[in-house]
Amino acid sequence: MSTLATILQDEISTATLQKGLYAIAACTLIGAAAYAGYKAAEPETKHLPSHRHPESNEQIEKVLEALRLDDDDKLRVIMQSLEREMELGLSPATHPTADVKMFATYVRSTADGSETGQVLALDLGGTNFRVLLVDLLPQSKVELTSKIFVIPQSIMLGEGSYLFRHLADCLMEFMNKENLNKPGVRYPLGFTFSFPCKQEGLASARLSTWTKGFTCSGVVNEDVVKMLQVAIDEKNINVQCVALVNDTVGTLMACAYKDPNTEIGLILGTGTNACYMEKLDRVGTWDGDYNDPKQVIINMEWGAFGNNHRLNHIRTKYDEEVDLSSVNPGKQIFEKMISGMYMGEIVRLIMLDLIHQNLLFIGKCNGSEDFKTPLFTRGGFYTKYVSSVEMDEGIGFSNTRRVLEDIGIRNPSYDDCAIVQHICKIVSKRAARLAGAGLAVLINRINKPNVTVGVDGSLYRYHPRFKRNMEKCMQNLVSKNIKFLLQLSNDGSGIGAALTVAAAEALSNQEKTKRSYPLSDDGSGKGAGLIAVVASRYLQQLSQSTSTLHNHNNEKVPTQFQKHLSTLQSPM
Ligand code: BGC
């Protein structure tokens, strides 16, 4: 009975169970159909994965992995490689094929703050060009009057003579405005020319290659001081170019004017480069004298590090694309991973990659009109956007939203903003760590207890955490017994050129007793060489004497450049 009862009960429960299962199956089918229908009709944006923390999204991380350079040991390997390349640049046998050229500048020591006077300077290094009037005042004070002029793309890519004519035109306009074009007064001028040059004297330098988007024809291997002087003379402006300096050298000089521990000049702007004070016995290519001070400033041209493929192991497909689409493929590889001319473009290419993988701006870039926006245009994402995006803190993303609207993304979502900021941070941090590793090589090599680095350039100036990221990695890479300081150098390129000119002008005033100024008919190259020769010869005698420059009113301004004269040496 009990067995029968159990069977009956089992039958009842089985039937109930079956009914239940049918019901569930039916519900599942209806549910699945409804879900499928809903999915088909669902707008694209609903597929958005959650990127509240984009860095923890695996797919995005996979894309960005190649750009991470967080391991100090990776940086140490790069440091060793850079130092090897530096040695190749300094040795006469390997210099011709070395990527890091290590040009000797013939500047042998830094100014000490006692220099005073008024000089003109031209500063050409990127898309902007500046004309400056520099007043060096007592106690290392400096007053500047300057005007910025744009260099149009047509001139950057055109004939060299047009470029120098344009510079002379701007100089004339500035002088007219400042009332400096007065008969009988010849102004000395310093030319900050921030491109790789093999210097043959203070006012003689041959361009070895163009960088930063310039390709003007007929200038490579030519003496750029001569070309500038020809253009100036054509305009009948009473100006003599007496010195050419690289912007890194100007920055070092200007910073040393205030801080005697300054041994390095660094530029992080449109391009990047560093210079430093090197011992003469380590400069195999040195062709000058070995008198005191036994040192010379070396313009490294470190932007070309990697041209010989030494950085291939850390380059990404984005770096390769930036390089291939530049006007100088295969050149300035280190610069293209760091500087302002390229950083925005790297970020843009990564964004395009994420869009392509459906990980960013989902459903926002489909129409043919979208492809005409800056986001899809080469160079459409400026490096200043990177700084602006990284300035956003918290969840408001007000800058990032503005930037994204500017490049054609309407109503960016929170996720879009967070991902774009994440990309910017990774790209700029990689750049800062590479530059920091480069500096660490120099600081360790100089090996003095206190080393100040004069730094200038828009990237360093305006990026909210570039300096911090550099310092962080340098703390681990610089020898523990050395204290270093990164010092923003205000207007280094202008002031540094002026300091160098001031010394040359002081000398020329001494020379006037024997020769008229300018010194010779056979070009400023030899003239500058002569200035430098005489500088060392007269160094001792000049310690008590003064020289003159002209102020705004054409009155003679007494100057004391004697100590600075030791910065000038000939390539004898
Ligand atoms: C140039 C250097 C310059 C640097 C920073 C590089 O492209 O080759 O001469 O110092 O940019 O302006």
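With +1 on each Lys and Arg Cβ and -1 on each Asp and Glu Cβ, and nothing else charged, work out how big the dipole of the stretch 364-508 is about its Cα centre, in Debye to the nearest 20.
620 debye
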Next item on the list: Under 14 Å Cα to Cα from Lys448, which aspartates and glutamates show up? Leave out anything in the same chain fewer than 8 places away.
Entry: Glu263, Glu278
Next item on the list: Mind putting a number on the dipole of the stretch 221-339 about its Cα centre? Charges go on the C-beta only, +1 for Lys and Arg and -1 for Asp and Glu, and I need it in Debye to the nearest 20.
Entry: 280 debye
Next item on the list: Subtract the Cα-Cα distance of Lys177 and Leu488 from 0.36 nm times their separation in residues, and report this length gain in nm to one decimal.
Entry: 108.9 nm
Note to self: With 10 angstrom as the radius, rank His95, His53, His463 by how many other C-beta atoms surround their C-beta, starting from the fewest.
What the structure shows: His53, His95, His463
Item checked: Exposure proxy ranking, count of Cβ atoms within 10 Å, fewest first, for Asp71, Asp370, Asp123 -> Asp71, Asp370, Asp123
Item checked: Virtual spin-label span in nm between Gln153 and Asp73, 7 Å along Cα→Cβ -> 4.6 nm
Note to self: With the cut-off at 18 Å, tell me which of the pairs Lys384/Lys425; Lys198/Lys226; Lys101/Lys198; Lys279/Lys336 have Cα atoms farther apart than that.
What the structure shows: Lys279/Lys336
Next item on the list: Arrange Phe214, Phe371 by Cβ neighbour counts within 10 Å, fewest through most, would you?
Entry: Phe371, Phe214
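Bear in mind these aren't lab numbers, they're just calculated from the coordinates by the rules spelled out. The shown structure was predicted, so the numbers you read here are calculated from the model rather than taken from an experiment. Every residue, glycine as well, gets a Cβ built from its backbone with ideal geometry; the counts of neighbours run over all protein chains shown.
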